[in-house]
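This report refers to the structure that appears directly beneath it.
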């Protein structure tokens with residue numbers, strides 16, 4: 001019986017070390033949208049059975065997606081600099097910086113014995129900060145494609161749009177009678 005409890009405790013402790021301390025602290029300090037993905041969950045995002053997406057996620061064991069609305073949480077340049085310093089203190093090194101669809105992307109890797117153990121992808125724009133904290137690795141040039149797939153997923157994209165208020169803005173632009181028709185259908 002002690003062996004079972006020890007194994008359960010070990011699994012719980014091992015699972016808690018999946019994400020970086022910096023990402024965990026960021027999630028606790030700022031209110032935002034947090035989603036966890038495991039390999040099977042990521043495979044379910046591939047609704048079109050795209051072999052390129054399967055190749056993209058093959059080395060990901062676990063991933064945390066965090067989104068912070070910078071305008072409502074007073075997250076600015078100083079906080080971003082502290083975030084970067086936190087990742088660097090955990091032995092993450094910047095590997096790539098790029099821009100895509102109005103966002104800047106920064107990719108950080110943590111290696112041990114020549115193998116990538118963790119990947120951090122930050123997507124930053126004027127209103128939001130997106131963090132992908134990955135236990136494992138992805139091809140660096142495919143990071144924007146992963147964000148696009150997550151955003152394009154019906155369920156996850158809806159949650160992201162609801163969080164950012166984009167669905168509210170669309171509703172405001174509809175004629176009043178359309179709004180009422182939608183309410184009656186539900």
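Here are some notes:
- Single condition residue 95 does not satisfy, out of (1) assigned to a helix (DSSP H, G or I); (2) within 19 Å of the chain's Cα centre (by Cα); (3) under 28 Å from residue 117 (Cα atoms): (1)
- Only residues that are part of a loop (DSSP other than H, G, I, E, B) and buried (at least 17 other Cβ atoms within 10 Å of the Cβ) were counted across the stretch 67-92, and they come to 2.
- Scanning the stretch 114-148 for residues being at positive phi and either surrounded by 13 or more Cβ atoms within 10 Å (Cβ to Cβ) or part of a helix (DSSP H, G or I) (or both) gives a total of 1.
- Evaluation of residue 151 against (1) within 16 Å of residue 102 (Cα to Cα); (2) modelled with pLDDT of 70 or more; (3) not in a strand (DSSP E or B) (one fails), failing number: (2)
One line per residue, one yes/no per condition, for (1) farther than 18 Å from residue 148 by Cα; (2) under 13 Å from the mean Cα position of the chain (by Cα):
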site	(1), (2)
34	no, yes
39	no, no
66	no, yes
77	yes, no
87	yes, no
90	yes, no
104	no, no
119	no, yes
122	no, yes
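- Checking 103, 110, 99 one by one, the residue that is in contact with a strand residue (DSSP E or B) (Cβ under 8 Å, 6 or more places away or on another chain) and either closer than 16 Å to residue 23 by Cα or at pLDDT 90 or above (or both) is 110 and no other.
- Test: residue in the stretch 6-18 that is under 26 Å from residue 110 (Cα atoms), touching a helix residue (DSSP H, G or I) at 6+ places or on another chain (Cβ under 8 Å) and modelled with pLDDT of 50 or more: no
- Near pairs, Cβ below 6 angstrom, 6+ apart or cross-chain, from the stretch 122-146 (under 21 Å from residue 36 (Cβ atoms)) to any residue that is at pLDDT 85 or above and part of a loop (DSSP other than H, G, I, E, B): 133/20; 136/59; 137/59
- Hey, residue 111 more than 15 Å from residue 149 (Cβ to Cβ), under 16 Å from the mean Cα position of the chain (by Cα) and surrounded by fewer than 17 Cβ atoms within 10 Å (Cβ to Cβ) or not: no
- In the stretch 20-34, the residues that are farther than 17 Å from residue 74 by Cα and touching a helix residue (DSSP H, G or I) at 6+ places or on another chain (Cβ under 7 Å): 20, 22, 34
- Where a residue in the stretch 23-38 is closer than 21 Å to residue 81 by Cβ and its partner, wherever it lies, is assigned to a loop (DSSP other than H, G, I, E, B), with Cβ under 8 Å and at least six apart: 30/75
- Taken over the stretch 47-66, residues that are surrounded by 19 or more Cβ atoms within 10 Å (Cβ to Cβ) and in a strand (DSSP E or B) amount to 5.
The values are calculated or read from the model by the stated rules, or taken from the named source; none is laboratory data. Because the structure is a prediction, the values reported are computed rather than measured. Note that we place each Cβ from the backbone using ideal geometry, even for glycine, and neighbour counts take in every protein chain shown.
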